[in-house]
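Please read the structure below before turning to the comments.
The values are calculated or read from the model by the stated rules, or taken from the named source; none is laboratory data. On a predicted model such as this, the values are computed, not experimentally measured, just so you know. Note: ideal-geometry Cβ built from the backbone for every residue, glycine included; neighbour counts use all protein chains shown. Each accessible area value is taken on the protein alone, full model and side chains, heavy atoms only, with ligands, DNA and RNA left out. Shrake-Rupley method; radii C 1.70, N 1.55, O 1.52, S 1.80 Å.
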Amino acid sequence: MPSNIITFSAFIRKANFWYNSNGIEPYDDVYDAAAEKSAVQESIAANLTRALRHYLSQFFSLIILINMNFVLLTEAAFVVVNFLENADFMQAAKNLTFLGFVFVAVFKTWHDKRQRVRITWLMRQLYDIYPKLTVDQPQYELQQHLDHYQRITFAYVLTIGFTAWCYNFLPLLNYLIFEQWLQRGTWQPTLPYYVWVPFEWRNNWLYYPLYVSQALATHNCLASYVATDLLLCAAAVQLIMHFRQLSRNIEQYEPSVESEWSSVSKDLKFLCAIVSQHYHTLDLCQLINEIFGLPMLINFISISFVICFLAFQFTVGVPLGAMIMLISYINCSLIQIYMICWYGQELITTSENVGHAVYNHNWLAANIRYKKMLTIIIQRAQKSATLRATSFVNVSMGTLTDLLQLSYKFFAIIRTMYAR
């Protein structure tokens, strides 16, 4: 038995870190119901400090959002001007991959702010049913769930962070290698991403604020991109954990073979608690879909186009350094959709196992009333809990295959158009 209690915050700490790095508080305090009562008793200075911190974070978040939108508009302007003047599809394809990344990040930031009340309600509900006692936690296998969540999210954050900052540092590395080390004298000021602005920036001081703006926007987009996905997966882990424990409780229960009312009443109370817990967990799954469904759909569509354009760049030939960047970008896109699809599949499997657990436990000699109530659980378990990207996509491992097939179809169309 573990000596230390695994807190609820262990599952959402990473998501909170990335949200806070953008000055965003995605939800209110969920940990103590007495917080609202104690807030009244706090000193005026403490309340003023909290209010000041809140407004400063809001101002910081606003500045970040303005900068992200500025980079988004300048990248989109480059694509439009490129088509109108040069019709260089290769450059446009490169920028469209970055454009999709920034657009999804801006959308996620806006969506999380809109859904703050719902996210707060979800987190409070998950915290209420979270096993907080040391004696309860081994039954839920919290350490195993937490270890797996940390491994897969670490791989996701590492790959996407490495890719983003490699793109940020590439112009600086080119300057240090070709200008300072090799002394070629051929280096020209370049930005991490292609942009169009209505002023000349290459040979004056405007180059530096533009570079810093893009680097900061990349980091902030990375934080927005990662935070929503990590919070979604953390919520999915909680549901998976509760569905598994629900199945174990049912399989381990031994209903009474006696017909006395006291024995039957005990069995019926157990089933009522199971039915209530089952329905409550399913309701939380529905709430997760209402909050994160649209971001998931936008995410999947964006990733399909990103993989398509990245594969297109491979086929037309790129330098070795650019190829390493493209491989890294594809890897982080694949890890992202694999992470979401894996948790979606686990949610389906564990929720369906509730019905199997009802059938597998020792119900044959139980009272007829007990047997009739079992059908309620089995009937509801036939419709599995599912992560849904709105009403269009049920998220599972099959979704990963569908997205890759969709990306290939887009790639084939674009490659044919480019060849002509």
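To keep it simple, each residue is scored yes or no on (1) open to solvent by 10 Å² or more (accessible area, probe 1.4 Å); (2) within 25 Å of ASN20 (Cβ to Cβ); (3) of a type in the set (Asp, Glu).
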{"residue": "LEU222", "(1), (2), (3)": "no, yes, no"}
{"residue": "VAL226", "(1), (2), (3)": "no, yes, no"}
{"residue": "LEU230", "(1), (2), (3)": "no, yes, no"}
{"residue": "CYS233", "(1), (2), (3)": "no, yes, no"}
{"residue": "GLN238", "(1), (2), (3)": "no, yes, no"}
{"residue": "PHE243", "(1), (2), (3)": "no, no, no"}
{"residue": "ILE250", "(1), (2), (3)": "no, no, no"}
{"residue": "TYR253", "(1), (2), (3)": "yes, no, no"}
{"residue": "VAL257", "(1), (2), (3)": "yes, no, no"}
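On the given criteria, is THR401 hydroxyl-bearing (Ser, Thr, Tyr), at pLDDT 85 or above, surrounded by fewer than 19 Cβ atoms within 10 Å (Cβ to Cβ) and farther than 23 Å from GLN286 by Cα?
Here the answer is yes, as THR401 does meet what is asked.
Under 6 Å between Cβ atoms, at least 6 apart or on separate chains: pull out the pairs that start in segment 394-416 with a residue that is under 16 Å from PHE314 (Cβ atoms) and in contact (Cβ under 8 Å) with a residue 24 or more places away in the chain and end on any residue that is of a type outside the set (Lys, Arg) and surrounded by fewer than 20 Cβ atoms within 10 Å (Cβ to Cβ).
As it stands, the answer is PHE411/ALA311, since those pairs meet every condition given.
Search segment 335-354 for residues being open to solvent by less than 10 Å² (accessible area, probe 1.4 Å), out of contact with any Cys (no Cβ under 9 Å at 6 or more places or on another chain) and not hydroxyl-bearing (Ser, Thr, Tyr), and hand back the single one that is farthest from LEU403 (Cα to Cα).
Filtering first and then ranking leaves VAL354.
Would you point out which residue out of SER276, SER302 is open to solvent by less than 20 Å² (accessible area, probe 1.4 Å) and either under 27 Å from ARG151 (Cα atoms) or assigned to a helix (DSSP H, G or I) (or both)?
The match here is SER302.
Can you give me the number of residues within segment 102-141 that are open to solvent by 30 Å² or more (accessible area, probe 1.4 Å), under 20 Å from ILE298 (Cα atoms) and not charged (D, E, K, R)?
Total satisfying the criteria: 3.
Hey, can you tell me all the residues within segment 103-130 that are of a type in the set (A, V, I, L, M, F, W, C) and under 16 Å from the mean Cα position of the chain (by Cα)?
PHE103, VAL104, ALA105, VAL106, PHE107, TRP110, ILE119, LEU122, MET123
Just to be sure I understand the filter: pairs with C-beta atoms under 7 Å, separated by 6 or more residues or on different chains, first member in segment 357-377 and in contact (Cβ under 8 Å) with a residue 12 or more places away in the chain, second member open to solvent by 80 Å² or more (accessible area, probe 1.4 Å) and not in a loop (DSSP other than H, G, I, E, B). Which pairs pass?
ALA357/GLU251; ASN360/GLU251; HIS361/GLU251
Of the residues in segment 279-298, how many are in contact with a Ser or Thr (Cβ under 9 Å, 6 or more places away or on another chain) and either polar (S, T, N, Q) or under 16 Å from ILE378 (Cβ atoms) (or both)?
3
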